[in-house]
Amino acid sequence: MSDSQTPYEAKDEAYFSYYSLLSHQAQMLQDSVRTAAYQNAIIGNSDVCFKDKFVMDVGAGNGILSFFSAQAGAKKVYSIEASNMVDYLKKVVQASKAPVINGGIPRNAWLADRVVPVHSKMEDVTPDMLEGHEKVDTIVSECLGVLLVHERMCESFLDARDRFLKPGGSVFPSAGTICLAPVEDKTLWEETASKARWWQNQNFYGVDITPFAEEAMKEAFSSPVVGCFGAHTLLTISSDYQVDFLTVSKEDLEEFTMPVEWEFSDAAIIHCIGGWFDLSFIPNLLNLESKAAVEEGEARNANPLSPPASSEDATMQDVNNHVAQENQASGSNLTLSSQAKDFAPSPLPPVPKSDPGKFQDKTSLEITIEALNDLANANPNLLSIDHNQQHQQPSSSVNGGRPYYMTTSPYAAPTHWQQVRFLLDRPIAVNRGQKVVGTIHCKVNEFRSYDLEAELKVIRSDGREDELLKSRHEWRLDRQIYSWTTAPPITTTSC
């Protein structure tokens, strides 16, 4: 492909041109929350996921994640980038190979022959572009937008996973969590309504412009407001929806529904729904186990009658026995360690016994994924995060692998993603003890984003529903406006 050619369609020109700007790249690099979280996760898992490994960086941009991967000891990093930012990335790589003149300081000499820029959309990448490699050990990506999924780069991340990730490989981030909570913000609501009401003018230089008014109001309240807001405006804890990047399909992200349920301890008025996301960086358990070949697991596979060390190990022993049988037939050596429980930030309850029948006619990889799903279902806090913590440092490790977390919550330091508020055209009044329950349905649109539709209802404290308290709201995630207006903190006067 010549430098004059672009690897993307004309409709994506504005999107990729935006990411070709160094000023925008600087904004992302200067987001210390984002940049430090990725470096901590990559360097912290060097031995397990990066050292002497082949790595792919999806949507590499300025190449910072590729550089971190090289710092972590990657044998080779393939930096996939569709925009012309790849030209700057190539200059950095070329400079690392340049000879040092007159005692000068080498420019990132550790990058030489490790980072390979690839000018292509992820969906068009072939093994030939990866020096003939058909699989990589680890995939990294900063594929995230407002509310996690805006810009739809997550789909490219999943395309890379589906086509190029080795069995047992890891993806960073490993999961994202969309967090939604009701917000009371009369200031923002009135500001938005006031702008829309301007169109209710019957004599604008002699012209009646009120025919615009209805659509102006719809547009104003269907446009998500991006900007940081105060945590004091949140009325309840958030309802969370997790996206597991190791298992979710691209089809799953094309259309999905997020259930919400909020219980109110005090009377309030909901003016909007606040949204943000968290990230988890957790090495794939398969990767950890295949690297370490834990002696305990080997011993149990050799002697299926040996008793488990604890109740938590019972399920893992069942799984390892089945995996061993599959390994013998397939020549694989994948197992699942009983130490998987160490990933949790706090002690886990016992894992329920697996049904041996569920493993019939399944490969060792499918068996292991089934067991991981059992573990996650039995322990929903496995990937949970404390929104009051910006980074939750790993409390334990498994064979050198460590979990890391990051949040864009209003409780923490701001990031370049900020947060988003979805205004309700009709605010909802709730009393103490009542709940608001419902769903937010998300469907992709042609603008690299999503259309959102919420159906909400108020549940009285006695559990009854009222048809008059049901409401429906729509937003276009691509029609974002920016505002840093937020309700002032509540002040109290002492007597």
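A few notes on this one:
- Förster radius 51 Å - calculated FRET efficiency between residue 87 and residue 252 (Cβ-Cβ, nearest 0.05): 0.90
- Potential lengthening of the chain between residue 232 and residue 265 amounts to 10.4 nm, from the contour at 0.36 nm per residue minus the alpha-carbon distance.
- Near-label residues of the stretch 411-445 by backbone N, under 14 Å of a point 7 Å along Cα→Cβ of residue 481: 421-425
- In sequence order, the stretch 156-167 has phi-based couplings of 5, 4, 6, 4, 4, 4, 5, 9, 10, 7, 5, x Hz under the Karplus curve 6.51 cos²θ - 1.76 cosθ + 1.60, θ = phi - 60°, and Gly or Pro positions carry x.
- Among the lysines of the stretch 131-252, pairs that are 8 or more positions apart or on different chains and have alpha carbons within less than 25 Å of each other number 6.
- Amide H contacts under 5 Å for residue 258, placed H, 5+ residues apart: 440, 441, 442
- Across the stretch 10-172, the relative contact order, built from alpha-carbon pairs under 8 Å that are at least six residues apart, equals 22 percent.
- Using a Förster distance of 25 Å, the FRET efficiency for residue 432-residue 194 (Cβ separation, nearest 0.05): 0.25
- Separation of the residue 187 and residue 123 label points, Cα + 7 Å toward Cβ, nm: 4.3
- Pairwise centroid distance, computed over Cα atoms, of the stretch 195-268 with the stretch 138-158, Å: 22
- In terms of its alpha-carbon gyration tensor, the stretch 68-110 comes out oblate; a/c meets the 1.5 threshold, while b/c is at least as large as a/b.
- The mean sequence separation of alpha-carbon pairs under 8 Å and at least six residues apart, normalised by the residue count of the stretch 83-241, gives a relative contact order of 17 percent.
- Computed Kirkwood radius, in angstrom, where 1/r is averaged over Cα pairs of the stretch 10-172: 16.1
- For 446, 134, 123, order by how many other beta-carbon atoms lie within 10 Å, fewest first: 446, 134, 123
Every read-out reported here was derived from the displayed coordinates using simple, explicitly stated rules and does not represent laboratory data. Keep in mind that what you see is a predicted model, and the values were worked out from it rather than measured. Reconstructed Cβ throughout: ideal geometry from the backbone, glycine too, with neighbour counts over all protein chains shown.
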